[in-house]
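Okay, so here's the structure we're looking at.
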Amino acid sequence: QECSKKQKNDDTQSTSVDALSSNDGFEEKNEFHTLANAKILLSDCLACDNCMTSEEGARVFQQNQKELFRILNLNKKCDTSKHKVLAVSICPQSLPYFAAKFNLSVNDAAKRLCGFLKSLGVHYVFDTTIAADFSILESQREFVQRYQRRNQEEHALPMFASACPGWIRYAERVLTNLVTSHICTAKSPQQIMGSLVKGYFARQQNLSPDKIFHVIVAPCYDKKLEALREDFYTALYNSQEVDCVLTSGEIVQIMEQKNVSMKDVTEVAVDSLFDEIKEGDVVRHDGKRSDGYLEHIFKHAAKELFGMDVKEITYKALKNKDFQEVTLEKDGETVLRFAAAYGFRNIQNMVLKLKKGKFLYHFVEVLACPGGCLNGKGQAQTEDGKPDKALLTQMEEMYAAIPVRLPETNLHVQKMYQDWLEGVDSKKVQETLHTQYSAVNQTASNLDIKW
C-alpha cells in the first residue's frame, strides 16, 4: 500500500472530507444551526485513512464548530449542574493570520479575537506562549542530557523535536522504534497548555477538570489528532487535556456565519492563568515560522556544553529553503550541527539518511508543513485548497515583527516550577510535561505502507 502523500508536492490540491457532527441526530434549532460542517484538508496532513483508524477518524471529525456550540448552548440551559467553564487557548502562529486577514496589528487581532470569543459565551481566553516556554525549557534540558549520554546510549542522539503532531503521527505509525526513540519526550505546547488549564488553572479555580471544556485555536488540522492521544487523557476525571481543536480558518467561518468582522468587535484583553492578571502585548520565541526550538536549544547547548554565548544564528540552506542547517565551531572543530526539516519531502530524506547511518545532525526541528507552522493547512489556504502565498508572506512579516521573549525570563514559569511542579527535576515535571513516543502496531492493511 502506497502512502497517499508520497507523490504529492507542496501545491497539490487538497482532498477534503466533510466532518461529522457530534450532534448529527440532534435537530434542536438554535442560533448556530446554520453553521457548515468543518472541512479537513489532507494534502500535507496525515489525517488520512492510511494512517488513521475509522474510530479515530470519527472522533477527529467531531471536533468542529458544532462541538463548541453544543457546549455554549448547554450553558444557556437552566440546569447549572451540567454547565461547563469554557476556556479557549490560542496558538501564537494563529494570530498573524487574523491580523493579516482583517488588516490589524497582531496585538489588536489578539484582543479582538478575545472579544469575539467572549461575545459567544467563552469564559476565558488564553495565549499558549507560556506552554511553549515550558516545552522549550524541557526540550533544552533533555538535549543537554542526551548529548552527555551520547557515548553510553545508542539512541541518545540525534534528538528530534516533538511539537508537530503530523511528524509524530508519521513517526509512530509508519516508522520504527529506530526513529521514535530519538524523539524528544517533552510535550508539545498544545498539550502542556492542556495540563496547565486542566491541572494548574482548574486547581486555582477550585474546579474539577471535567467541568472545563478546553478549546485550542491552531494553524493545522493535525492538532485535532494530537488532542485525542490516550496519553493525554485522565481516566479519574474522564477528561482529555484538550477537548476540541478548531483551526484559525474554522474560527473565521464562525465569524462569516454570524456576519461579524473582527474590526467591529470590542477589544478585550487576553486572560492570564494567574489570578485576575491580564496578558500584555503579544510575544513570541526565536524562530522564523514556529516556536523556535532549534534556536533556543542551540543557544542553550552552546552555553551549557561549550561555554559559548551565541547571539545570532546563521542558517545555511541546503537542498531547498525548508531544509537548513546551523553549526557551532570551537577550536576549528564542528561541535554542534542542527537542522530544520520542514515538509514531508525533507522528512523522508532525513529518515533515509538516519536508516543508512549517514546522519550528521545532533538535533532536528521537524515540522510537517512546508514553510513551518504559519503555513498550517487550517489557515494559509485559498478556497480551492491551494497555498495562499501572498497571505503567508504577510503573516511571516507580521510574525517576525513580534518581540521575542526568552522562556528563561518568564517569572511565572519559574514560580510554577517550584510551587506547582515541585522543582525542576521532580517526578511531577516528568508526569506533567513529558510523554513517550513509540512505534504503533498497524492493522494488517496498513503494515506495508511505503514512502
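Applying the Karplus relation 6.51 cos²θ - 1.76 cosθ + 1.60 with θ = phi - 60° to the range 381-390 yields 3J(HN,Hα) values of 10, 7, 5, 8, x, 9, x, 8, 5, 5 Hz, where x marks Gly and Pro. Take each peptide in 162-173, 73-84, 369-380, count the other Cβ atoms within 10 Å of every residue, and average; sorted highest first, the result is 369-380, 162-173, 73-84. Most tightly packed first, judged by the mean number of other beta-carbon atoms within 10 Å of their residues, the peptides 265-275, 139-149, 243-253 read 243-253, 139-149, 265-275. Distance between the modelled labels on Leu120 and Leu406, one decimal in nanometres: 3.8 nm (7 Å Cα→Cβ projection). Enumerate by residue number the GluC sites (Glu not before Pro) in the range 363-408 meeting two conditions: DSSP loop (anything except H, G, I, E, B), and at most 12 other Cβ atoms within 10 Å of the site's Cβ. Sites meeting the loop and neighbour criteria: Glu383. Among the listed pairs Lys66/Lys187; Lys319/Lys389; Lys303/Lys428; Lys311/Lys415; Lys321/Lys358; Lys198/Lys358, those with a Cα-Cα distance over 31 Å are Lys198/Lys358. Each residue of the range 141-154 was assigned a 3J(HN,Hα) from its phi angle through the Karplus expression (A = 6.51, B = -1.76, C = 1.60, θ = phi - 60°), giving 4, 5, 4, 4, 5, 5, 4, 5, 9, 4, 8, 9, 10, 4 Hz with x at Gly and Pro.
Given a cut-off of under 8 Å on Cα pairs at least six residues apart, what relative contact order in percent is computed for the range 332-438?
16 percent
Calculated accessible area for the range 149-275 comes out at 35 Å² per residue, all protein chains present (probe 1.4 Å; ligands, DNA, RNA ignored).
Computed over protein heavy atoms with a 1.4 Å probe, the accessible surface of the range 317-413 works out to 47 Å² per residue. Computed about the Cα centre, the dipole magnitude for the range 80-234 is approximately 480 debye when only Lys and Arg (+1) and Asp and Glu (-1) carry charge, each at its Cβ. Here the range 211-347 has 44 percent of its accessible surface on carbon and sulfur atoms, given a 1.4 Å probe and all protein chains in place. Couplings for the range 258-275, taken from phi via the Karplus curve 6.51 cos²θ - 1.76 cosθ + 1.60 with θ = phi - 60°, read 8, 6, 10, 9, 4, 5, 9, 8, 5, 6, 9, 5, 5, 6, 10, 6, 10, 6 Hz in order; Gly and Pro are left as x. For the range 256-361, the relative contact order works out to 13 percent when only alpha carbon pairs closer than 8 Å and six or more residues apart are counted. Given a Förster distance of 25 Å, report the FRET efficiency between Glu267 and Asp419 from their Cβ-Cβ distance, rounded to the nearest 0.05. Result of the calculation: an efficiency of 0.20.
Find out how many positive minus negative residues lie around Val215, taking Lys and Arg as positive, Asp and Glu as negative, among other residues whose Cβ is under 9 Å from that of Val215.
-2
Between Val335 and Leu328, Glu329, Lys330, the built amide H atoms are under 5 Å apart, and every one of these is 5 or more places off in sequence or on another chain. Here the extension length gained between Asn103 and Gln145 equals 10.7 nm, from 0.36 nm per residue of separation less the Cα-Cα distance. Once C-alpha pairs closer than 8 Å and six or more residues apart are averaged by separation and normalised to the residue number of the range 187-273, the relative contact order reads 29 percent. The magnitude of the dipole of the range 173-235, with charges of +1 and -1 set on the Cβ of Lys/Arg and Asp/Glu and taken from the Cα centre, is near 120 debye. Computed extension length for Asn177-Val440: 93.8 nm, one decimal, from 0.36 nm per residue of separation with the Cα-Cα distance subtracted.
Where the only charges are on Cβ atoms (+1 Lys, Arg; -1 Asp, Glu), what is the dipole of the range 340-431 about its Cα centre, to the nearest 20 debye? Walk me through the numbers on the way to the answer.
On the way: 12 positive and 11 negative charges, 129 e Å.
Using Cβ point charges on Lys, Arg, Asp and Glu, the range 340-431 gives about 620 debye.
Checking the cross-link pairs Lys258/Lys278; Lys82/Lys118; Lys316/Lys353 against a 23 Å limit on the alpha carbon distance flags Lys258/Lys278 as lying beyond it. Scanning residues 5 or more positions from Asp127 or on other chains, those with amide H under 5 Å from its amide H are Ile90, with H placed 1.01 Å from N in the peptide plane. Peptides 113-120, 306-313, 186-193, 324-331 ordered by packing proxy, namely the average of other Cβ atoms within 10 Å per residue, highest first: 186-193, 113-120, 324-331, 306-313.
The values are calculated or read from the model by the stated rules, or taken from the named source; none is laboratory data. Keep in mind that this is a model prediction, so the values were computed, not measured. All Cβ positions, even for glycine, are placed from backbone atoms using ideal geometry, and neighbour counts span all protein chains on display. Keep in mind that these areas ignore ligands, DNA and RNA; they rest on the heavy atoms of the full protein, side chains included. Shrake-Rupley method; radii C 1.70, N 1.55, O 1.52, S 1.80 Å.
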